[in-house]
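Reading through the structure tokens given below for one structure.
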Amino acid sequence: MSYFFSNFSYVMQLFGQHLRMTLIVLFISLLISIPLGILVVRVRWLHGPVLSILGVIYTIPSLSLFVLLLPLFGLGLKPAIIALVAYAQLLLVRNWVIGLTSVDKAVLDAARGMGMSSWQRFIQIEFPLALPMLLAGTRLATLSTIGIGTIAAFINAGGLGVLLFQGVITSNYDKIVTGSIAVSALAIATNYLLRFFERRADLVIRGDAK
């Protein structure tokens with residue numbers, strides 16, 4: 001760990017880049033996945049094709065997808081974000097769809113009988129009840145982004161993967177250990193934080209149900 005203490009500011013700079021990339025990917029991914037999940041639930045025949053396509057994208061090796069995007073977007077953060085957003089969709093959309101479809105139909109029928117519009121049913125019933133599953137998908141997608149994001153250093157996107165690649169190229173094991181510990185620390189802290197919100201949402205919903 002001598003490299004960490006002697007290059008603290010540089011490691012923190014890469015840590016900040018990795019965190020920034022993760023947050024950008026998460027924000028864009030949610031903007032896409034939430035309406036896409038709603039569309040899949042509302043238009044049932046889209047369920048199979050959409051999840052199949054997202055599943056195929058998720059199976060593409062990350063390094064291959066990064067390289068495929070280079071002719072279109074060049075080196076840097078942009079192709080990394082596009083690839084990571086694509087990978088996150090399966091985890092987010094799948095959990096979001098499961099959450100929405102698991103809402104008790106009797107509850108929705110009762111709300112419909114009370115004169116609630118489709119939008120009111122979604123805001124007041126479907127979204128709150130499906131929120132724990134959405135948060136679970138968000139947690140998994142975030143952890144996946146943090147992990148796959150290390151490979152984005154290969155296309156000059158920055159982040160903690162820089163330490164890993166530099167360490168491998170120069171056989172500097174201290175760099176490799178520092179990068180590995182930093183990525184693990186980010187993943188563990190993120191998992192703990194999102195898991196906390198996930199449990200809180202579940203407790204709130206259970207309390208409302210009682």
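The values are calculated or read from the model by the stated rules, or taken from the named source; none is laboratory data. Worth saying up front: this structure is predicted, and the values here are computed from it rather than measured. Cβ: placed from backbone, ideal geometry, glycine included. Neighbour counts: every protein chain shown.
Figures for the structure shown
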quantity	calculated
Residue that is without any contact (Cβ under 8 Å) to a residue 24 or more places away in the chain and out of contact with any Gly (no Cβ under 8 Å at 6 or more places or on another chain), where the choices are Leu39, Leu51, Leu75	Leu39
Criterion violated by Val25 - all others in (1) aliphatic (A, V, I, L, M); (2) free of Cβ contacts under 8 Å to residues at least 60 places away in the same chain; (3) in contact with a Leu (Cβ under 7 Å, 6 or more places away or on another chain) satisfied	(2)
Selection count where residues are loosely packed, with under 13 Cβ neighbours inside 10 Å, within 17 Å of Val41 (Cβ to Cβ) and at pLDDT 80 or above, scope region 106-121	1
Top-ranked residue of region 48-90 - restricted to ones that are within 17 Å of the chain's Cα centre (by Cα) and hydroxyl-bearing (Ser, Thr, Tyr), ranked as farthest from Gly149 (Cα to Cα)	Thr59
Hey, Ala130 modelled with pLDDT of 90 or more, part of a helix (DSSP H, G or I) and crowded, with 16+ Cβ neighbours inside 10 Å or not	no
Hits in region 2-54 (condition: among the aromatic types (Phe, Trp, Tyr) and surrounded by fewer than 18 Cβ atoms within 10 Å (Cβ to Cβ))	Phe5, Phe8, Tyr10, Phe27, Trp45
Only listed residue being closer than 29 Å to Met133 by Cα, modelled with pLDDT under 95 and among the aliphatic types (A, V, I, L, M), chosen from Leu69, Leu77, Leu46	Leu46
Residue match in region 158-181 (condition: touching an Asp or Glu at 6+ places or on another chain (Cβ under 7 Å) and either closer than 24 Å to Pro61 by Cα or at pLDDT 90 or above (or both))	no
